[in-house]
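Trainee: Mind having a look at this structure? Questions to follow.
The values are calculated or read from the model by the stated rules, or taken from the named source; none is laboratory data. Only a predicted model underlies this, so the values are computations on that prediction, with no experimental measurement involved. Here the Cβ positions follow ideal geometry from the backbone for every residue, glycine too, while neighbour counts run over all protein chains shown.
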Amino acid sequence: MTSPIDSFDQLGLSAPILEALAGIGYETPSPIQAHCIPILLEGHDLLGQAQTGTGKTAAFALPLLNRIDIKTAKPQALVLTPTRELAIQVAEAFQSYAHNMPGFHVLPIYGGQSYGIQLKQLARGAHIVVGTPGRIMDHLERKTLNLDSLQTLVLDEADEMLRMGFIDDVEWILEHTPSTRQTALFSATMPEPIRRVAQAYLREPREVKIKSATATVAAIRQAYWQVSGLHKLDALTRILEVEEDFDAAIIFVRTKTATVELAEKLEARGYSAAALNGDMNQQMRERTIDQLKSGGLDIVIATDVAARGIDVPRVSHVINYDIPYDAEAYVHRIGRTGRAGRTGNAILFVAPREMRMLRTIERVTRQPITPLTLPSRQDVANRRVAQFKLRVIETLEAEELDFFSDVVGEIAEEQNVGMQEVAAALLRMAQENRPLQMEGSDPLPRPAPAEDTRRPSRFGEREARPQREDREFRPQREDRPRRDDSEARPSRPAPAGDMIRYRIDVGRDHGVQVKDIVGAIANEAGIESRFIGRIALYDESSTVELPAGMPNEVSNLLKRTRVRGVPINLRPDSEQREGGWKKPEGAAPRKFGGEGKFGDSKPRRRKPNE
Ligand code: ADP
Ligand code: MG
C-alpha cells in the first residue's frame, strides 16, 4: 500500500497532539499510521497488519488520544498487550503523545504487580488503561475495573497474544466490554485463529495491510549489525573509522530530533556531519546536499523524507541507524548509494526485536544481508595509528623540519631523555583532539546472532555457524584471534627477555638522529623495530638496546652497518658513563615504531645513506 499522506497535519489530529509529535521529532506518519489514523478517527473497526517496528503504537494511540474526554476520568480506551514490558512501553508512548494534554492519565496494569498499588491507581481514575489480558480479566471479575465508559478496545500484537496462550482471555474480555465499542486489532501476522477472532468480534472492519513490493538493489553490499552490548553511536563511529572505501555517508534515523542530535555528536567526534530534515527550508536542504557533493561535508544524517531523491555519487555508505518502517523505505534509503555505476555499502542496525523486519527486507530485495562483526577497539586504534603515521611520513618527506628538529633536540638534551620519549610526548599532545586509542571497552562477544535463538536447533544447542561473512567489508580481520579484542592486551608488547646495551660509533656530531639508527638496524639487520630498545645519542657515539642472544650473523651484519656513511661498529657497551643517561627505574625499555602499534606496513624510514 502506498499513501499520498506525508504529514501528520493532514490526518485530522488536534493541535496539542501535533505539537507533541513535533516535539518528539516525528516528521511524517509511517504507512500504517497514515492509513489507520483516519479510519480510527472516523470510528470504524480496524484490522491492521504490519510488521514490528512500523509504528503501530502511534497508529492507534494518536486517534484514541484525539477522542479522549479529559474531564471524564474513567477508562475510555483499553489496550491489551501480550507482555508487561509492552504494556509499559505503550503507556509511555501515550504519555509522550499526550504531553500537551494536561490532566491526561494512562495506567499500565499487568501481572506481577501488587493488586494494592493497582487498586489505588484505578481508584484515582485513568483515561486509558493498557494491560495484559490475564490481569485485566482479574480486575474485571473483581469489579475493580469498570469499563462502562469504554469506547475503544485495542488488541495490540494479537498474534503474540495468541502465541502466548492468551486468546481465551482476550475473547473473554471482548465479551465483557460494551458491545458498542470500537475495536482495533493489530498484528504482525494474521494466523487463522486471529482472523477468526476478528470475524467474530469486529464489525465491518476496514483492513489495512502494509506489504512491500519486491525490488532490486544491485551493486550494493548489504550488512547488518545486531544492536547489542554497545551503544549505536559507539558502533557507528567504529564502523565509520574502519570501513575501507569510505567516502561519504547518509545515515538514516527516524526523527528530526535524532538527525540534529546525531549530527552534533558526530561533529563532536571530529566528523564533518550535518542534519537534513523536514524542518529545514528548501534552500538549507539544498545547501547541505551541495556541501555533501563537493566534499565540504562527509556525513549527512537524514530522515526518509528529507533524503528522498538525493543523488550524490560520492555517497559510499548508507547507514540505517534506525531500521526503516518497511522494505520499500529500505530500498529507497540504500538507493542513495551505489550511484553512477559505483558500488555502495548499506549497513543496517537491527535490534533483536526487529530481526523479523530484517528477514522481510531480505525477502523483498532478494538479497542476503550478512551479519557484520563490529571492529574491535584494537582495530580502530590500528587504523587511527596507521593514518597518523601516514601524516607523519608525509611531513617527514615534504616539510622543512630543521627548526623543529632543533627544538626536539634541545628538549631531549635538557631533560636528559631520548628522542623517543620526546617524540612520544609530542605524539600524545598531537592526538589529544582525536585520541588514537578508543575509550570504553568492547562488548562481550555475542555467542550467536539472534536468528539462532529464533531457530534453535533440534537439540537445543546452537548450530555451528560458519564464520561471519563480512569479509567484503573488512577483509583481513577474520584471521585475528578474538583475544586481540580484549582490554587486557597492553597497547604495545614490551620486548620479551633481557636487553643488552650496545655502543655505536655515530653520534650527534655526525648529524645522526634516532630514526636513522632505528632505520639502519631495522633495515640492515632485519630486527623488527619493536625489538629495538632505548637509544641515547651522544656527541661522538650513541647507545642502543637490543635483545640479548642476538645471533652471530646479525651482530656481524650490524658491525658493518653504516649510518650516514659512518660504520657503526656495534659492540656491547662496557663503559658506564657517569654523566650518561640513567635507565629510569622499573621502566620497560622504550621502543620505536613497532608492528604491534603500527600494523604490518613498515614505516618507510629513509635508508641510512640517503
Ligand atoms: P510497532 O508497534 O509497529 O512495533 P512502534 O510503535 O513500537 O512499532 O514504533 C517503533 C519505533 O518507531 C518507536 O521508537 C517509535 O517512537 C518510532 N516511530 C513511530 N512512528 C514514528 C514516526 N511517524 N516518525 C518517527 N518515528 C516513529
Ligand atoms: Mg507494537
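Trainee: Hey, could you check region 16-36 for residues that are over 23 Å from Glu261 (Cβ atoms) and within 15 Å of ligand 2 (Cβ to nearest atom) and say which is modelled with the lowest pLDDT?
Mentor: If we take residues in region 16-36 being over 23 Å from Glu261 (Cβ atoms) and within 15 Å of ligand 2 (Cβ to nearest atom), then Pro31 is modelled with the lowest pLDDT.
Trainee: Now, a different point. Restricting to region 356-381, name every residue that is in contact with a Ser or Thr (Cβ under 9 Å, 6 or more places away or on another chain) and either assigned to a strand (DSSP E or B) or not small (Gly, Ala, Ser) (or both).
Mentor: So in region 356-381, the residues in contact with a Ser or Thr (Cβ under 9 Å, 6 or more places away or on another chain) come out as 356-357, 360-361, 363-367, 376-378, 380-381.
Arg356, Met357, Thr360, Ile361, Arg363, Val364, Thr365, Arg366, Gln367, Arg377, Gln378, Val380, listed by residue number.
Trainee: Tell me, which residue of region 397-411 that is modelled with pLDDT of 90 or more, part of a helix (DSSP H, G or I) and not acidic (Asp, Glu) is surrounded by the most Cβ atoms within 10 Å (Cβ to Cβ)?
Mentor: Val408
Trainee: Sticking with this structure for a sec: With respect to Leu107, determine if the residue is crowded, with 17+ Cβ neighbours inside 10 Å and more than 16 Å from ligand 1 (Cβ to nearest atom). Step through it out loud before you land on a result.
Mentor: Details: crowded, with 17+ Cβ neighbours inside 10 Å: yes; more than 16 Å from ligand 1 (Cβ to nearest atom): yes.
So Leu107 passes the test.
Trainee: Looking at region 222-265, which of its residues are crowded, with 17+ Cβ neighbours inside 10 Å and aromatic (Phe, Trp, Tyr)?
Mentor: Tyr224, Trp225, Phe252
Trainee: If you don't mind, another one. Return yes when Gly53 is part of a strand (DSSP E or B) and within 12 Å of ligand 1 (Cβ to nearest atom) and no when it is not. Don't jump to the end; show me each part of the working.
Mentor: Values: part of a strand (DSSP E or B): no; within 12 Å of ligand 1 (Cβ to nearest atom): yes.
No.
Trainee: Now for a different question. Restricting attention to region 135-155, does a residue exist that is within 16 Å of ligand 1 (Cβ to nearest atom), outside any loop (DSSP other than H, G, I, E, B), surrounded by 21 or more Cβ atoms within 10 Å (Cβ to Cβ) and not aromatic (Phe, Trp, Tyr)? Please lay out each step first, then the result.
Mentor: The initial filter retains those residues of region 135-155 that are within 16 Å of ligand 1 (Cβ to nearest atom), namely 154-155.
The next check asks that each one be outside any loop (DSSP other than H, G, I, E, B); those that pass are 154-155.
Now narrow it down to the ones that are surrounded by 21 or more Cβ atoms within 10 Å (Cβ to Cβ): 154-155.
Applying the additional criterion that residues be not aromatic (Phe, Trp, Tyr) yields 154-155.
For region 135-155, residues within 16 Å of ligand 1 (Cβ to nearest atom), outside any loop (DSSP other than H, G, I, E, B), surrounded by 21 or more Cβ atoms within 10 Å (Cβ to Cβ) and not aromatic (Phe, Trp, Tyr): present.
Trainee: Which one is farthest from Arg339 (Cα to Cα), of the residues in region 231-265 that are in a loop (DSSP other than H, G, I, E, B) and either modelled with pLDDT of 90 or more or more than 15 Å from the chain's Cα centre (by Cα) (or both)? Walk me through it before giving the result.
Mentor: Kept after step one, since they are in a loop (DSSP other than H, G, I, E, B), are these residues of region 231-265: 231, 243-247, 253-254.
Narrowing the set further to residues that are either modelled with pLDDT of 90 or more or more than 15 Å from the chain's Cα centre (by Cα) (or both) leaves 244-247, 253-254.
Values: Glu244: 18, Asp245: 14, Phe246: 14, Asp247: 13, Val253: 21, Arg254: 23 Å.
Result: Arg254.
Quick grid of which residues meet (1) within 30 Å of Met164 (Cα to Cα); (2) touching a residue at least 60 places away in the same chain (Cβ under 8 Å); (3) more than 13 Å from ligand 1 (Cβ to nearest atom):
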site: Gly25; (1), (2), (3): no, yes, no
site: Cys36; (1), (2), (3): yes, yes, no
site: Ile39; (1), (2), (3): yes, yes, yes
site: Leu46; (1), (2), (3): yes, yes, yes
site: Arg67; (1), (2), (3): no, yes, yes
site: Ala77; (1), (2), (3): yes, yes, yes
site: Pro82; (1), (2), (3): yes, yes, no
site: Gln89; (1), (2), (3): yes, no, no
site: Gln95; (1), (2), (3): yes, no, no
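Trainee: Determine whether region 266-283 contains at least one residue that is modelled with pLDDT under 95, surrounded by fewer than 18 Cβ atoms within 10 Å (Cβ to Cβ), hydroxyl-bearing (Ser, Thr, Tyr) and not in a loop (DSSP other than H, G, I, E, B).
Mentor: Within region 266-283 (the criterion being modelled with pLDDT under 95, surrounded by fewer than 18 Cβ atoms within 10 Å (Cβ to Cβ), hydroxyl-bearing (Ser, Thr, Tyr) and not in a loop (DSSP other than H, G, I, E, B)), the answer is no, since none of the residues qualifies.
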